[in-house]
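The values are calculated or read from the model by the stated rules, or taken from the named source; none is laboratory data. Values in this document were obtained by computation on a predicted structure and should not be read as measured data. Ideal geometry is used to build each Cβ from the backbone, glycine not excepted, and the neighbour counts take in all protein chains shown. We work out accessible area using only protein heavy atoms, side chains counted, and drop any ligands, DNA or RNA first. Shrake-Rupley method; radii C 1.70, N 1.55, O 1.52, S 1.80 Å.
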Amino acid sequence: MKEFRMVPVDAHGLNDGPFLRIESVLSDILDKLFFAFDTTKKLREGVADLDRLLEPANLTLIHQRMQGVAELMDEIDRNSGDAKAFVQDLRDNSRKMSMTLRELSKIIQSSNIVSLNARIIAQGHRHRPLGSQLVRLAESLSDISSDASGLVNEMFDVIDSIVAATEDMGGNVEQRAKALFSTLKPRARALETALGALEQGMTAAQSASAWLSEFVAVAERDVSEVISALQVGDRSRQRAEHVRVITGRASLYPAQSTEGHSLILLAKAQMQQTVTEAVTDTRKASSQFADLAGRQNEFLARCREIAFSFEDSARMLNPAEHDSGNRKFDFAASAKAQEKAQHRLQEADESLGARSKTLSDCAFQMQLAALNTIITCARGFKEAMDMIMISQQINEVISEAPVTFELFAETMDMTKQRVTEWASREVSAVDAEIEGIGENDPTLDEAQKVLAKLLPSLTNDAPQIAQAISSSADTFLSFFRELEQLAQQDPVEVAPLPLADAITSETFALHLDEIRASYTMQEERNIHDIMFAELNGKQGSEQVIVDPEPQAASAATEDDDLSDIFF
């Protein structure tokens, strides 16, 4: 018969140490890992957006956009120079037309004077043969000249309207050129700088982004696996509760009693298996944890590298950086004003053309009348030589009018041609693109969205991820070593305890039943059944010592004559 020996049991870890802290420690680690997992998913989205942004096609698009902006800046410079030349041409032509019209006015005034002299001289010859005809010719010259003077005065008014229209057009063109140069060119320069910084950042961030993309995917997988491995915390917590139930029942018995000693052995065996399973289940997690924690420094370095690569471009992509504080030039209003000025110029040109034709007819009629006067004088009488000389003067003066008028017409045509050329330039696609440069650029808008989402995550979330992983790894690895040490201390053999001949109380049997009923796992029941197999295998005929207090109570009942009262 095997004797139950009271060998001292090392109860270290049953009521203190890592075993009772498994659930709390692993829960704390899991909380940090869940935070790291969720935050890593958010970071992964930003990194995926960055990967799409760094695609070669986008780099090519940004490079092309930079070339386009550079060309637009050159176009703005050319536009400014051409605008100055256009305005100067309009002003020069206006002055030239005014001067030409004054010359034409002088010619008409001279013809008026000569025609008046011809009229006076004709009156002196009115009694001669053909004298009345000579008077009529002189009066006709005078009337035509007077009409021409009136036309010239009207033409001065038309020229004034032309000058006003061209001044308005010139002023509008100057304002637009200034707006392009002082407002849109700085924006174009800022856009070019932002695109350059973005291209530089994208090039610099490519290698770091590729590493980070791979790391985030691996880290997310590893963290998920570690979380799965650490789910033993809940099982360990339940078993720790059951061990506490066992030690609680053991405390009801003397330390050297069979009952107390066997319960301590049971608690030790249950703890031993729990710790061993926890070590086995989390061993893989420990290696993953160590590898994951070891890469956090490089992870943070890569995050800083990407953030630094985009530091300049992120600042330049900030909408506040693009606001120059200048009032935006209204190109639509400018185009309408230009259109109105062109319409006024067209009306003035039509009016001027009608009067010019009439004036040209008057000049021709004066030349014809002067020629008729000369012929009449030559046929009628030789004494009218003074009238012939006057008519010749009229003819000479009026002959200058077509030349002067042709110069005037050429200048007006040049003005119209320059206006037409500029109008076609104003509606060109290049100008439309220049005016749109101040609006949101789709390339930069997309980059701004990606960086606005990613950079704060790199700056704020990445350190928190690294801190959560490193902190939980340090805690876990330290705790894992404690568990390993605990698992190796004085192992208890899971074998039947020699309780076949042991004298145990009835209460002890009830306690064993309570303990077994509290188990939630088959492993616990197996250990329990194995260790108390001999006790459970007792035959019903064997004597079981009843607790002393219940026995005393029973004896008192038998000796008490009044017991029948309660029957």
(request) Report the full-extension gain for the segment residue 257 to residue 332: residue separation times 0.36 nm, less the Cα-Cα distance, to one decimal in nm. (result) 16.7 nm
(request) Place the peptides 194-204, 522-532 in order of packing, highest mean first, counting for every residue the other Cβ atoms within 10 Å and averaging per peptide. (result) 194-204, 522-532
(request) Whenever you get a sec, compute what percent of the accessible area on the stretch 53-125 sits on carbon and sulfur atoms (1.4 Å probe). (result) 54
(request) Work out the FRET efficiency for residue 283 and residue 55 from their Cβ-Cβ distance, taking R0 = 41 Å, and round it to the nearest 0.05. (result) 0.45
(request) With 21 Å as the limit, write out which pairs from 42/453; 41/449; 84/416; 96/178; 84/178 have Cα-Cα distances beyond it, or answer none. (result) 96/178
(message) Between residue 74 and residue 24, what is 0.36 nm times their sequence separation minus the Cα-Cα distance? Round to one decimal in nm.
(response) 11.1 nm
(message) Tell me which of 34, 107, 88 sits at the most positive position along the dipole axis of the stretch 28-108, charges placed on C-beta atoms (Lys, Arg +1; Asp, Glu -1).
(response) 107
(request) Give a residue-ordered list of calculated ³J(HN,Hα) values for the stretch 510-522 (Karplus: 6.51 cos²θ - 1.76 cosθ + 1.60, θ = phi - 60°; whole Hz; x for Gly, Pro). (result) 5, 4, 4, 5, 4, 4, 5, 5, 7, 5, 10, 10, 5
(request) Mind jotting down the distance between the C-alpha centroids of the stretch 288-307 and the stretch 483-537, whole Å? (result) 48
(request) Send over a whole-number figure in Å² for the accessible area per residue of the stretch 247-305, probe 1.4 Å. (result) 41
(message) Given a 1.4 angstrom probe, what's the average accessible area per residue across the stretch 74-169, in square angstrom?
(response) 48
